[in-house]
1. May I ask you to list the residues in the stretch 82-121 that are surrounded by fewer than 16 Cβ atoms within 10 Å (Cβ to Cβ) and closer than 20 Å to residue 65 by Cα?
2. Residue check: is residue 7 closer than 16 Å to residue 135 by Cβ and free of Cβ contacts under 8 Å to residues at least 40 places away in the same chain?
3. Got a sec? Which of 103, 50, 74, 70 is within 22 Å of residue 2 (Cβ to Cβ), away from the ligand (no atom under 11 Å from the Cβ) and modelled with pLDDT of 95 or more?
4. What number of residues within the stretch 10-54 are closer than 22 Å to residue 89 by Cβ, in contact with a helix residue (DSSP H, G or I) (Cβ under 6 Å, 6 or more places away or on another chain) and surrounded by fewer than 19 Cβ atoms within 10 Å (Cβ to Cβ)?
Ligand SMILES: [Zn+2]
């Protein structure tokens, strides 16, 4: 999957893999819990998720009304920017969703806006590049 500020989530468990592009909207509608549910239906019981680079909760500024709407659905995503305005922390919200589902998390996050070595739509605009998250099942 490709992303530049949205949270990439790669999942593996018992020979089943999944990938979810979870930005604010994806977190709000529960794309990661839906992916875990689909993986469990395919036989995965113990699942591990890797969270990749995203626009962090200290940088991802949103209007106050948007934060109120999103955090009513995913309270753990409530955040404030480093300059004191309303923000959303998508990884914090997804971590809470995964904890509720008893999924182990490997945190490989970094902030795309703060790091000049990562692509960021917010920092660079529509011409920004994208990072790719890749997961593959090995042949048995
Ligand atoms: Zn940041």
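1. Within the stretch 82-121, 82, 83, 84, 85 meet the criteria.
2. Numbers: closer than 16 Å to residue 135 by Cβ: yes; free of Cβ contacts under 8 Å to residues at least 40 places away in the same chain: no.
So residue 7 fails the test.
3. Values: 103 fails: within 22 Å of residue 2 (Cβ to Cβ); 74 fails: within 22 Å of residue 2 (Cβ to Cβ); 70 fails: within 22 Å of residue 2 (Cβ to Cβ).
Unique residue meeting the criteria: 50.
4. 1
The values are calculated or read from the model by the stated rules, or taken from the named source; none is laboratory data. All of these numbers come straight from a predicted model, not from anything done at the bench. Cβ sites come from the backbone with ideal geometry, for glycine too, and all protein chains shown count toward neighbours.
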